[in-house]
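The values are calculated or read from the model by the stated rules, or taken from the named source; none is laboratory data. Keep in mind the model is a prediction, meaning the values are calculated, not measured. No Cβ is skipped: glycine too gets one built from the backbone with ideal geometry, and neighbour counts run over all protein chains shown. These accessible areas exclude ligands, DNA and RNA; they are computed on the full protein's heavy atoms, side chains included. Shrake-Rupley method; radii C 1.70, N 1.55, O 1.52, S 1.80 Å.
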Amino acid sequence: MSEPGRQYFEDIQVGDEYLSPGRTVTEADIVAFAGLSGDYNVLHTDAEFMKSSIFGERIAHGLLGLAIQSGLLTRGMQPYATLAFVGLRWKFKNPVKIGDTIRVRAKVVAKKETSKPDRGLVTVERTVVNQRGEVVQEGETDLIVERRRA
Amino acid sequence: MSVAAPRFYFEDVVLQGVLETPAMTVTEAHVALYAGLTGDAAREHGLVPDLLPLCLTTGLGWRVPQPPLAVLAFMGFEWLVDSPLRVGDTIHSRSKTTLKRSMKEGGVIIEERQVINQRGEVVQHGKFTFLVAKRPA
């Protein structure tokens, strides 16, 4: 039996688009992520050092932005019947600074059969934009999604 | 008098040099903190969210016997999830610099990185691209 409220491989179409709500990235988010990940690099934690950097101030960890967009997108779409997360290709285009508000736009760009008949591969292109519409991160994620069971 | 903290510059990075980090056990607390902070949750109870080991490897990556790399920017990465990680598993990471390209401002390095569990199995792996500062003249 397929679970209601989830999108199965057959339900997903190439070209489907999703838009997440926005989220303001705060100093507390960056401090919490440093504590959780153990990444205390000066880029994210030393306000004085960063005054003289190309960014002029602390910036959010790139992977904090990645993790936040992943959470945000779950709030902007009906969940997939995901069996596995295969991987991703990702680019950091611009920094996310304290107080910036980000959201993610996503689009299904490919669907492929796999060797197993009960599932398929779905590639979703994701673009993370800030409050000025600038792209801060972008990439593609590959997911294995279950087919509907008869 | 001011003493600068030691940093590891582009010139210091050894091509093909392998670095191993200490290990850490991924707990329910990590999963809960991660879910609360990011809104990103695991697919099922007992599994670690797929992006969490990737995040933890960046912290582990600093715990190597050399000064911190003078990263100017994290430019991007490619990443593959080989097998799911469960709460209670213990991971460490292994990395190797496979490319160094000198630029006008700093230099680009590509680092291959693996996340390895307590049985020695690679659970996630990929390539990170960093822009690294050159040693000040």
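Quick notes on this one:
Here is a yes/no grid of residues against (1) touching a His at 6+ places or on another chain (Cβ under 9 Å); (2) among the β-branched types (Val, Ile, Thr):
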position	(1), (2)
A:34	yes, no
A:39	yes, no
A:55	no, no
A:74	no, yes
A:83	no, no
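- Residue in segment B:10-21 that is without any contact (Cβ under 8 Å) to a residue 60 or more places away in the chain and away from every other protein chain (no Cβ under 12 Å) present: no
- Restricting attention to segment A:2-44, the residues that are of a type in the set (Ser, Thr, Tyr) and in contact with a helix residue (DSSP H, G or I) (Cβ under 6 Å, 6 or more places away or on another chain) total 3.
- Residue within segment B:55-65 that is assigned to a strand (DSSP E or B), over 21 Å from residue A:95 (Cα atoms) and not charged (D, E, K, R) present: no
- The number of residues in segment A:20-31 being assigned to a loop (DSSP other than H, G, I, E, B) and either surrounded by 19 or more Cβ atoms within 10 Å (Cβ to Cβ) or among the charged types (D, E, K, R) (or both) comes to 2.
Yes or no, residue by residue, for (1) hydroxyl-bearing (Ser, Thr, Tyr); (2) more than 24 Å from residue A:141 (Cβ to Cβ); (3) surrounded by fewer than 17 Cβ atoms within 10 Å (Cβ to Cβ):
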{"site": "B:96", "(1), (2), (3)": "no, yes, yes"}
{"site": "B:103", "(1), (2), (3)": "no, yes, yes"}
{"site": "B:109", "(1), (2), (3)": "no, yes, no"}
{"site": "B:115", "(1), (2), (3)": "no, no, no"}
{"site": "B:119", "(1), (2), (3)": "no, yes, yes"}
{"site": "B:124", "(1), (2), (3)": "no, no, no"}
{"site": "B:129", "(1), (2), (3)": "yes, no, no"}
{"site": "B:133", "(1), (2), (3)": "no, yes, no"}
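- When residues of segment B:62-80 are limited to those that are touching a residue at least 12 places away in the same chain (Cβ under 8 Å) and more than 8 Å from every other protein chain (Cβ to nearest Cβ), the one farthest from residue A:49 (Cα to Cα): B:64
- Residues of segment B:52-70 that turn out to be open to solvent by less than 10 Å² (accessible area, probe 1.4 Å) and touching a helix residue (DSSP H, G or I) at 6+ places or on another chain (Cβ under 8 Å), as a count: 6
- Condition met for residue A:107 (free of Cβ contacts under 8 Å to residues at least 12 places away in the same chain and farther than 24 Å from residue B:56 by Cα): no
- Contact map, segment A:73-95: residues that are closer than 25 Å to residue B:123 by Cα and more than 8 Å from chain B (Cβ to nearest Cβ) paired with residues that are in a loop (DSSP other than H, G, I, E, B) and open to solvent by 30 Å² or more (accessible area, probe 1.4 Å), Cβ distance under 8 Å, separation 6+ or inter-chain. Pairs shown: A:79/A:5; A:79/A:6; A:80/A:6; A:81/A:3; A:81/A:6.
- Hey, residue B:115 among the β-branched types (Val, Ile, Thr) and not in a helix (DSSP H, G or I) or not: yes
- Residue that is most open to solvent (accessible area, probe 1.4 Å), among those in segment B:36-50 that are in contact with a Pro (Cβ under 7 Å, 6 or more places away or on another chain) and within 9 Å of chain A (Cβ to nearest Cβ): B:41
- In the set A:119, A:126, only one residue is modelled with pLDDT of 95 or more, under 12 Å from the mean Cα position of the chain (by Cα) and either more than 20 Å from residue A:13 (Cβ to Cβ) or charged (D, E, K, R) (or both); that residue is A:126.
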